[in-house]
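> Have a look at this one before I ask anything.
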Amino acid sequence: MKKKVLATIIASVMALGLMACGSSAQAAKNTTDSGSDGLIKVGIINNDPNESGYRTANDADLKAKFTEANGYDASFAYSLKNDEQIQYAQNFIQDDVDYLLLSAADTAGWDSVLQDAKTAGVKVILFDRTIDADSSLYEASIVSDMAKEGQTAVDWLAGQGLSEYNVIHIQGVMGSAAQQGRSGALDTKVAAESNWNIVKQQTAEWNAEKAQQIVQSVIDAGTSFNVIYAENDDMAKGAVAALDAAGISHGVGKDVIVMGFDCNKWALEELLAQNWNYDGQCNPFQASYIDDIIKTLESGGTLSQKTIIMDEKGFDATTITQEDVDNYGI
Amino acid sequence: MNDNKFKKLMSNQLFIPVIALVVLALINLINDPSFFKVTLGTNNAGNPVLSGYLITILDYGSELGILAIGMTLVTAASGGQDISVGATIAIAGSAMLRVLCGGNSRPETIQAPIIVAFLVACLVGMLCGAFNGLLVSIFKIQPMIATLILFTAGRSIAAWINNNELPIVPDPKFSYFGGFIPGIPIPTTVFIVAICIVIIALVLKFTNLGLYTQAVGINENSSRLNGINPTFIKFLSFVILGLCVAVAALIKVSRLSTINYSVIAKDIEMDAILAVALGGNALSGGKFNIWASILGAYVIQFLTTTLYKFNVQSDALAAYKAVVVIVLVIFSAPKVREYMKDARKKIIKVQKEAA
């Protein structure tokens, strides 16, 4: 008897679930219909907005731009995993979107699905991250030049004129474009200069807790260092927590130089307070660039360049102003 | 006689984690004796603090040690594991920050006393535990499947609690829980673990929780016939784990005074389950030893810290832990145990014949 009741409840819940699905499918269809009234249908594949402050700002920017008021019918899909993103891309292609906007989790593995998109007449625009695929497979890419970001940071560090650079290098998720670009510049410099050494090179996978443990382990080993080169703000924060606990001074004119990336507002405030030394910008505001491209393509125009690199700055704690924090903090 | 002692030692649940600890300690001693050096220094706030690898292990192993308490009870009572603890840490931590910061991501001062925020987090953690417990005990869903729900949805719920914002707690007092209290050189987390251990020890001594949990885990039906309510015991074990999760969340969030929903306490559920397994507890439920699990948790942190010291890439840590799991699983397999028993008997026989 009990089982029967349970079975009935479960069955009715499932049925309700199906109905809910049915109605949402209906809603989706309605928007498609209105799509023919002039709305441009875009499918946006992004990384998880909770991944970092950068991603949160990026997602908010896209959501604000691609609205019905601006002439778009946008669907969003999020994943930090490449295979899941590819699945979403296939779904969007089946859904007949006009444009597929993509921020790929990994650079590899996109060829066949983009080929499918091309066959189906879906135009692909890459944002934020590049991929290893033939450039004929996408219309345009709006990217941060991560290698340039790394180079700007390393040039700044070289300009500090230390007699010896002993660097703790905390990397992002290995293989991501941000990690490769920001690591590349430092690796080249360390290989070229005799007074630049890497004390520890470890991936903390964008994770503050892991960064804290990594720096803690260097401190416990008693190794000396004078630079922390963290590939994002969160990891720099974790590293600084370990420094604070061990009584190692950091910031402008102190023992250890702290460098981060992404320009989170709280990170720039650390710069303003001179607790950190440098923060490299990674511009998350690509929506207006994408909007321009789509408008151009829709009006039958051609793009003057395929890869658009956004302007990005690097902030120095000695010159940063409150205005910078307000304007560039994310 | 000797053989008897050996048997007793082998059958003691603390055997595996202690041996693992000794092996790890020996490796480090041979490699670099300074591993065991503990020094007294001052932190940037000007307070005395102890530092060194051993302190690091005690400090960073705390969350896992606390989770091991609850996970052992859940394992013993339900014969399954809760894989949602990492996600519920995110939920409880997020709720704590929501109360502290009042929905504003950058408040000037904290909006509520820390104790209130902690109690809210406890409530939220226990609610999540109760949800899992309800599915497992009343709806008889397998624990791993039941907790899969919060495992999948938990981090999104955590983000939703704070409207996707990443609040930062402005009060330095909040960072004491995951750091140091001024004037006390031992990490606060060590005291928090000690308090948890004392509480659970008192509970096990003065209530029948331990006995009932074992009875339910060994045979649900016969325990029911003996007047124990298995449904309630299972439910209770999940609620206790929820409370452990809230305490772990306090430490995690306090370490950096902020939260990152997608990475906070990432993969900690696997470490917690591994701690229970390392403690020699049967993952199919029944008899259990909480102390062995807690020791297992510190063994895992010892291993992690050792690997960091040896410059192992942190994304490869999981592979080393997998090796430990493989060894454990092989040693606890009935076939292997039987084989080892036979082998020992043969050796003794040979020895006797020789004598």
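The values are calculated or read from the model by the stated rules, or taken from the named source; none is laboratory data. From a predicted model like this one, the values you see are computed outputs, not experimental measurements. Using ideal geometry, Cβ is built from the backbone for each residue, glycine included, and neighbour counts are taken over all protein chains shown.
> Of the residues that sit in region B:11-23 and are assigned to a helix (DSSP H, G or I) and not small (Gly, Ala, Ser), which one is surrounded by the fewest Cβ atoms within 10 Å (Cβ to Cβ)?
The residue in question is B:Val22.
> Just a yes or no: is a residue in region A:229-247 of a type in the set (Ser, Thr, Tyr) and within 19 Å of A:Gly150 (Cβ to Cβ)?
yes
> Across region B:285-315, what is the total count of residues that are within 14 Å of chain A (Cβ to nearest Cβ) and assigned to a helix (DSSP H, G or I)?
Of the residues in that region, 12 qualify.
> Another question, then. Looking only at region B:66-102, how many residues end up being surrounded by fewer than 24 Cβ atoms within 10 Å (Cβ to Cβ) and closer than 14 Å to B:Phe151 by Cβ?
Qualifying residue count for the region: 3.
> Let me ask something else. Checking A:Ala104 against (1) surrounded by 14 or more Cβ atoms within 10 Å (Cβ to Cβ); (2) small (Gly, Ala, Ser); (3) in contact (Cβ under 8 Å) with a residue 60 or more places away in the chain, which single condition isn't satisfied?
(3)
> Same structure, new question: Every residue in region B:191-202 that is more than 16 Å from B:Ser293 (Cα to Cα) and either buried (at least 16 other Cβ atoms within 10 Å of the Cβ) or over 22 Å from the mean Cα position of the chain (by Cα) (or both), please.
Once the filter is applied, which keeps residues that are more than 16 Å from B:Ser293 (Cα to Cα) and either buried (at least 16 other Cβ atoms within 10 Å of the Cβ) or over 22 Å from the mean Cα position of the chain (by Cα) (or both), region B:191-202 yields only B:Ile192.
> Right, another one. For region A:42-93, give me the residue count where each residue is buried (at least 19 other Cβ atoms within 10 Å of the Cβ) and not aliphatic (A, V, I, L, M).
21
> Tell me whether region A:276-284 contains one or more residues that are closer than 28 Å to B:Asp267 by Cβ and touching a residue at least 40 places away in the same chain (Cβ under 8 Å).
Among the residues of region A:276-284, at least one is closer than 28 Å to B:Asp267 by Cβ and touching a residue at least 40 places away in the same chain (Cβ under 8 Å), which makes the answer yes.
> Right, something else. Of the residues A:Asp292, A:Asp255, which is surrounded by fewer than 17 Cβ atoms within 10 Å (Cβ to Cβ), free of Cβ contacts under 8 Å to residues at least 12 places away in the same chain and either among the polar types (S, T, N, Q) or out of contact with any Gly (no Cβ under 9 Å at 6 or more places or on another chain) (or both)? Talk me through it step by step, then tell me what you get.
Working: A:Asp255 fails: free of Cβ contacts under 8 Å to residues at least 12 places away in the same chain.
Every option except A:Asp292 fails the conditions.
> Could you please let me know if B:Ile330 is away from chain A (no Cβ under 14 Å) and either farther than 19 Å from B:Pro143 by Cβ or over 13 Å from the mean Cα position of the chain (by Cα) (or both)?
Criteria met by B:Ile330.
> If B:Ser222 meets every condition in (1) over 24 Å from B:Tyr176 (Cα atoms); (2) modelled with pLDDT under 95; (3) within 14 Å of chain A (Cβ to nearest Cβ) apart from one, which number is that one?
(3)
> In region B:161-181, how many residues are more than 13 Å from chain A (Cβ to nearest Cβ), in a loop (DSSP other than H, G, I, E, B) and over 19 Å from B:Gly125 (Cα atoms)?
Qualifying residue count, region B:161-181: 1.
> Among what's in region B:24-47 and is under 15 Å from A:Ile248 (Cβ atoms) and surrounded by 15 or more Cβ atoms within 10 Å (Cβ to Cβ), pick the residue that is farthest from the other protein chains (Cβ to nearest Cβ).
Ranking the qualifying residues of region B:24-47, first place goes to B:Asn47.
> Ok, one more. Residue by residue through region B:249-269, note down the ones that are part of a loop (DSSP other than H, G, I, E, B), at negative phi and in contact with a Gly (Cβ under 8 Å, 6 or more places away or on another chain).
B:Ile259, B:Ile264, B:Lys266
> Name, by its number, the condition in (1) within 30 Å of A:Gly175 (Cβ to Cβ); (2) surrounded by 22 or more Cβ atoms within 10 Å (Cβ to Cβ) that does not hold for B:Lys309.
Condition (2) is where B:Lys309 drops out.
> Of everything in region A:180-213, what is under 29 Å from B:Lys252 (Cα atoms) and hydroxyl-bearing (Ser, Thr, Tyr)? Give them in sequence order.
Scanning region A:180-213 gives A:Ser183, A:Thr203.
> May I pose another question? Which of the residues that make up region B:108-160 are among the β-branched types (Val, Ile, Thr), part of a helix (DSSP H, G or I) and surrounded by fewer than 22 Cβ atoms within 10 Å (Cβ to Cβ)?
The answer is B:Ile114, B:Ile115, B:Val116, B:Val120, B:Ile145, B:Ile149, B:Thr152, B:Ile157.
> From the list B:Ala246, B:Ala282, B:Ala272, B:Ala201, which one is away from chain A (no Cβ under 14 Å), over 30 Å from B:Trp160 (Cβ atoms), assigned to a helix (DSSP H, G or I) and not hydroxyl-bearing (Ser, Thr, Tyr)?
None of the others qualify; the one that does is B:Ala201.
> Within region B:150-166, identify whether any single residue is modelled with pLDDT of 95 or more and closer than 23 Å to B:Val216 by Cβ, and answer yes or no.
The answer is yes; a qualifying residue exists.
> Further, regarding this structure: For a quick check of your reading: which helices (runs of 4 or more DSSP H) sit entirely within region A:234-330 and have at least 1 residues that are among the hydroxyl-bearing types (Ser, Thr, Tyr)?
The qualifying helices (runs of 4 or more DSSP H) are A:287-298, A:322-328.
> Now for a different question. May I ask you to say which residue of B:Ala272, B:Ala316 is more than 21 Å from B:Phe35 (Cβ to Cβ) and either crowded, with 24+ Cβ neighbours inside 10 Å or among the aliphatic types (A, V, I, L, M) (or both)?
Going through B:Ala272, B:Ala316 in turn, the sole match is B:Ala272.
> Search region B:21-47 for residues that are touching a residue at least 12 places away in the same chain (Cβ under 8 Å) and pair each with any residue that is assigned to a strand (DSSP E or B) and surrounded by 12 or more Cβ atoms within 10 Å (Cβ to Cβ) when their beta-carbon atoms are under 7 Å apart and the residues are at least 6 apart or on different chains.
B:Val38/B:Leu50; B:Thr39/B:Ser51; B:Leu40/B:Pro48; B:Leu40/B:Leu50; B:Asn43/B:Val49
> If you take the residues in region B:333-347 that are loosely packed, with under 11 Cβ neighbours inside 10 Å and not charged (D, E, K, R), which one is nearest to the other protein chains (Cβ to nearest Cβ)?
Per the criteria, the residue is B:Pro334.
> Collect the residues in region A:186-223 that are among the polar types (S, T, N, Q), more than 23 Å from A:Trp156 (Cα to Cα) and surrounded by 16 or more Cβ atoms within 10 Å (Cβ to Cβ), keeping them in residue-number order.
A:Asn207, A:Gln212, A:Gln213, A:Gln216, A:Ser217
> Across region A:50-66, what is the total count of residues that are of a type in the set (A, V, I, L, M, F, W, C), in contact (Cβ under 8 Å) with a residue 24 or more places away in the chain and within 11 Å of chain B (Cβ to nearest Cβ)?
The qualifying residues number 1.
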